[in-house]
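The values are calculated or read from the model by the stated rules, or taken from the named source; none is laboratory data. Since the model is a prediction, treat every value here as computed from it, not as a measurement. Don't worry about glycine lacking a Cβ; one is built from the backbone with ideal geometry, like all the others, and counts go over all protein chains shown.
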Amino acid sequence: MNIKKTSLYQLHQEYRAKFVEFAGYQMPIQYSEGIVEEHKFTRSHSGIFDVSHMGQLFIYGGEDLIKDLEKIFPLDLKNLKLNHSKYSFLMDKDAGIHDDLIITKINEGFLIILNAACKDNDFKILKELLEEEHKMVLDENRSLIAIQGPKSSQILNDVVDGIKDLNFMSGNWFSFKDHKVYITRSGYTGEDGFEISIPNNFVDKLTRELINKGSKLIGLGARDTLRLEAGLCLYGHDLDKDKTPVEANLKWAISKERISKGDFIGSDIIIKQLNNGVSKIRVGIKPEGKIIAREKTKIFNQSDVHVGEITSGTFGPSVNGPVAMGYIENEFSKKDTKVFLEVRGKKHPANICGLPFYKKSYVKGATK
Amino acid sequence: MTEVKYSKEHEWIKLEGDVATIGITKHATEMLGDIVFTELPEKGSNVQKDGTAGVVESTKAASDVYTPVSGEVVETNQEIVDDPSKINQDPENTAWFFKLKVKDKSEMNSLMNKENYDKFAKESSS
């Protein structure tokens, strides 16, 4: 298979990126300063992430579109306002998660941002589920970049005037040198930030202007440490087809109104789990010492019984220590429960904790 | 003058009398990225040539540290446990890992000199 490159590949090279293959794309894992510095710079200033490998699915349709999409997503799409976004999931009939995604209401349809590794399969699933008359475009002609961190709003506003007025989880069309860009105030780092959908031909130019204004390119390595500190899930690790949104502790993302009707794919299982509870649930886990417990590390209770597994674990540069999340049997999921993590044959103490590890600083209202 | 030798696992070793000081090379730290956790062998323990004698972890992954020669661990460097970022800053000097009382000095013979290691490192990273 041919490894794909994003439109920013040359820019990544200029900034001495180390590349890694991710979901069939050659992506920058880090640049010359390294993951820890990149992570801290994003939290204190502003970082730019090339996420052009992610899927940008535009779905256009008539009046039936909302009705048809509500059969698939556990969202109250009827009441989703123009240019507003929601976090959601594509589920199978057992409420197993095919993908987690952000869906935004746009003129005459919706824009759905999909995970890179899932996008082709998601497209196939949605194509089968949706009526023929809805037009679906998985747009390969547009790039996607995120700019995240406290200085991002000022930096981006200097380049694309007006974005400061956006509210969290909403978007709009803006103009960059007469080119139409769609910008939402969102991201995946726990910081205030924006995601910018822009035609491939202009993404290099826009990114260079943002760098000139003081933002820096940040690789996938820091993206992972940032999102884990923020308590956010990574598909394929913390979420997959063997886990439901209720088990993933993401029930806040499921519309109460839709649960009361129970007419979306997977709703039977979701309702059952909401009423009867779940046997395993996603939690935050903080090792007591310095040891890093990575994905697939086994979790034991105080009686040395295997009760769970880590799904993401790393060193958190802002926390300045190890952080992890994983799934554990429900009875051990209470905050401050002591558990043990088996790393290289030895068991190390840790505590169940709330998420996030690092306090979010989203800007809820527009900054004027 | 004491010659520093190098292993294929990217450790350096400096022998002074019966005692060898061992650490990881600058090239190794560049491949690993930011080191955020270090585990060292216990003082008084015996380690075998090419066996594991510690762990370094970057934000990305954990890697074993091997010992290029056999011996008894006589000293470990607590400074790099307390602040693993020192390994990135000064890997081939102050950020040494452990010191061994060497059992058999002839084990040094199979290791590379600086020139050969640099060539090896360049080839293995390309």
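Are any residues in segment B:63-78 within 14 Å of chain A (Cβ to nearest Cβ) and either out of contact with any strand residue (DSSP E or B) (no Cβ under 6 Å at 6 or more places or on another chain) or on the phi > 0 side of the Ramachandran plot (or both), and if so, which ones? Talk me through it step by step, then tell me what you get.
Within segment B:63-78, the subset within 14 Å of chain A (Cβ to nearest Cβ) is B:63-65, B:78.
Once the filter is applied, which keeps residues that are within 14 Å of chain A (Cβ to nearest Cβ) and either out of contact with any strand residue (DSSP E or B) (no Cβ under 6 Å at 6 or more places or on another chain) or on the phi > 0 side of the Ramachandran plot (or both), segment B:63-78 yields only B:Gln78.
Name the single residue that is nearest to A:Val319 (Cα to Cα) among those in segment B:17-52 being assigned to a strand (DSSP E or B) and within 13 Å of another protein chain (Cβ to nearest Cβ). Show your work before the answer.
Filtering segment B:17-52 for residues assigned to a strand (DSSP E or B) gives B:19-24, B:35-39, B:46-47, B:52.
Those still in the list that are within 13 Å of another protein chain (Cβ to nearest Cβ) too: B:35-39, B:52.
Working: B:Ile35: 15, B:Val36: 12, B:Phe37: 14, B:Thr38: 18, B:Glu39: 20, B:Thr52: 30 Å.
Ranking the candidates gives B:Val36 first.
The rows are residues; the columns are (1) closer than 25 Å to A:Glu229 by Cα; (2) outside any helix (DSSP H, G or I); (3) assigned by TED's automatic domain parsing to the domain that holds A:Thr42.
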residue	(1), (2), (3)
A:Ala117	yes, yes, no
A:Asn121	no, no, no
A:Glu128	no, no, no
A:Glu132	no, yes, no
A:Ile147	yes, yes, yes
A:Asn157	no, no, yes
A:Lys164	no, no, yes
A:Trp173	no, yes, yes
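Filter segment A:19-39 for residues that are buried (at least 18 other Cβ atoms within 10 Å of the Cβ) and charged (D, E, K, R) and give the result.
Here is the first cut: in segment A:19-39, the ones buried (at least 18 other Cβ atoms within 10 Å of the Cβ) are A:19, A:25, A:27-31, A:33-36, A:38-39.
A:Glu33, A:Glu38, listed by residue number.
Go through segment A:330-362 residue by residue and tally those that are within 14 Å of another protein chain (Cβ to nearest Cβ) and either surrounded by 14 or more Cβ atoms within 10 Å (Cβ to Cβ) or within 27 Å of the chain's Cα centre (by Cα) (or both). Lay out the reasoning, then the answer.
Narrowing segment A:330-362 to residues within 14 Å of another protein chain (Cβ to nearest Cβ): A:341-346, A:348.
Checking which are either surrounded by 14 or more Cβ atoms within 10 Å (Cβ to Cβ) or within 27 Å of the chain's Cα centre (by Cα) (or both) leaves us with A:341-343, A:348.
Residues that pass the stated criteria total 4.
State whether the residues of segment B:53-64 include one that is within 30 Å of A:Gly221 (Cα to Cα), β-branched (Val, Ile, Thr) and not in a strand (DSSP E or B). Even if it seems obvious, please write down each step before you answer.
The first filter runs over segment B:53-64 and keeps only residues within 30 Å of A:Gly221 (Cα to Cα), leaving B:53-64.
If we keep only those that are β-branched (Val, Ile, Thr) as well, we get B:55-56, B:59.
Right, trim to not in a strand (DSSP E or B) and you get B:59.
The answer is yes; a qualifying residue exists.
Look at A:Leu355 and say whether it is farther than 30 Å from B:Asp82 by Cα and touching a residue at least 24 places away in the same chain (Cβ under 8 Å). Before you say what the answer is, go through the steps one by one.
Numbers: farther than 30 Å from B:Asp82 by Cα: no; touching a residue at least 24 places away in the same chain (Cβ under 8 Å): yes.
In short, no.
Of the numbered conditions (1) within 28 Å of A:Val323 (Cβ to Cβ); (2) part of a helix (DSSP H, G or I); (3) under 14 Å from the mean Cα position of the chain (by Cα), B:Tyr117 satisfies every one except a single condition; which is it?
Result: B:Tyr117 passes all but (1).
Listed here are the residues, each with its yes/no results for (1) surrounded by fewer than 19 Cβ atoms within 10 Å (Cβ to Cβ); (2) touching a Lys or Arg at 6+ places or on another chain (Cβ under 8 Å); (3) within 23 Å of A:Ile103 (Cα to Cα).
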| position | (1), (2), (3) |
| --- | --- |
| A:Ile3 | yes, no, no |
| A:Leu8 | no, no, no |
| A:His12 | no, no, no |
| A:Tyr60 | yes, yes, yes |
| A:Pro74 | no, yes, yes |
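Give segment A:276-309 a look and list any residue that's within 14 Å of another protein chain (Cβ to nearest Cβ) and on the phi > 0 side of the Ramachandran plot, or say none.
The answer is A:Lys296, and nothing else.
Kindly provide the set of residues from segment A:298-329 that are surrounded by fewer than 16 Cβ atoms within 10 Å (Cβ to Cβ) and farther than 16 Å from A:Pro287 by Cβ, ordered by number.
Once the filter is applied, which keeps residues that are surrounded by fewer than 16 Cβ atoms within 10 Å (Cβ to Cβ) and farther than 16 Å from A:Pro287 by Cβ, segment A:298-329 yields A:Ser303, A:Asp304, A:Val305, A:His306.
Condition test on A:Gly24, is it more than 11 Å from A:Gly149 (Cα to Cα), more than 14 Å from every other protein chain (Cβ to nearest Cβ) and not aromatic (Phe, Trp, Tyr)?
On the way: more than 11 Å from A:Gly149 (Cα to Cα): yes; more than 14 Å from every other protein chain (Cβ to nearest Cβ): yes; not aromatic (Phe, Trp, Tyr): yes.
Considered against the rule, which asks whether it is more than 11 Å from A:Gly149 (Cα to Cα), more than 14 Å from every other protein chain (Cβ to nearest Cβ) and not aromatic (Phe, Trp, Tyr), A:Gly24 comes out as yes.
B:Gly17 - would you say it is at pLDDT below 95 and not aliphatic (A, V, I, L, M)? Reasoning before the result, please.
Values: at pLDDT below 95: yes; not aliphatic (A, V, I, L, M): yes.
When the stated conditions are applied, B:Gly17 passes them.
Specify which of the listed residues (B:Ser110, B:Ser45, B:Ser70, B:Ser7) is over 14 Å from the mean Cα position of the chain (by Cα) and modelled with pLDDT of 95 or more.
Working: B:Ser110 fails: modelled with pLDDT of 95 or more; B:Ser70 fails: over 14 Å from the mean Cα position of the chain (by Cα); B:Ser7 fails: over 14 Å from the mean Cα position of the chain (by Cα).
One residue alone meets the criteria, B:Ser45.
Just checking, does segment A:135-143 include any residue being surrounded by fewer than 21 Cβ atoms within 10 Å (Cβ to Cβ) and either among the aromatic types (Phe, Trp, Tyr) or over 22 Å from A:Ile196 (Cα atoms) (or both)?
yes
Could you say whether any residue in segment B:77-96 is at pLDDT below 95, surrounded by fewer than 19 Cβ atoms within 10 Å (Cβ to Cβ) and under 15 Å from the mean Cα position of the chain (by Cα)?
no
Surrounded by fewer than 14 Cβ atoms within 10 Å (Cβ to Cβ) and acidic (Asp, Glu): does that describe B:Asp64? Spell out the reasoning first.
Working: surrounded by fewer than 14 Cβ atoms within 10 Å (Cβ to Cβ): yes; acidic (Asp, Glu): yes.
Here the answer is yes, as B:Asp64 does meet what is asked.
For the condition among the acidic types (Asp, Glu), at pLDDT 95 or above and over 14 Å from the mean Cα position of the chain (by Cα), what is the one hit in A:Asp204, A:Asp178? Walk me through it before giving the result.
Numbers: A:Asp178 fails: at pLDDT 95 or above.
Sole residue among the options that is among the acidic types (Asp, Glu), at pLDDT 95 or above and over 14 Å from the mean Cα position of the chain (by Cα): A:Asp204.
Let's see how each residue does on (1) assigned to a strand (DSSP E or B); (2) of a type outside the set (Ser, Thr, Tyr); (3) over 30 Å from A:Leu75 (Cβ atoms):
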residue	(1), (2), (3)
A:Ala248	no, yes, no
A:Arg282	yes, yes, no
A:Glu331	no, yes, yes
A:Lys335	no, yes, no
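Out of the residues in segment A:238-259 that are hydrophobic (A, V, I, L, M, F, W, C) and surrounded by 14 or more Cβ atoms within 10 Å (Cβ to Cβ), which is nearest to A:Ile271 (Cα to Cα)? Working first, answer last.
Taking segment A:238-259 as the starting set, the residues that turn out to be hydrophobic (A, V, I, L, M, F, W, C) are A:239, A:246, A:248, A:250, A:252-254, A:259.
Then keep just the ones that are surrounded by 14 or more Cβ atoms within 10 Å (Cβ to Cβ); that gives A:239, A:246, A:248, A:250, A:253-254, A:259.
Details: A:Leu239: 19, A:Val246: 9, A:Ala248: 15, A:Leu250: 14, A:Ala253: 14, A:Ile254: 11, A:Ile259: 7 Å.
Per the stated criteria, the residue is A:Ile259.
Given (1) at pLDDT 95 or above; (2) surrounded by fewer than 22 Cβ atoms within 10 Å (Cβ to Cβ), where does B:Ile35 come up short, assuming only one miss?
Failing condition for B:Ile35: (2).
Just to confirm my filter: which helices (runs of 4 or more DSSP H) fall fully inside segment A:1-111 and include at least 1 residues that are more than 21 Å from the chain's Cα centre (by Cα), at pLDDT below 95 and not aliphatic (A, V, I, L, M)? Walk me through how you get there before you give the answer.
Values: elements: A:9-14, A:35-44, A:64-70.
Correct list: A:64-70.
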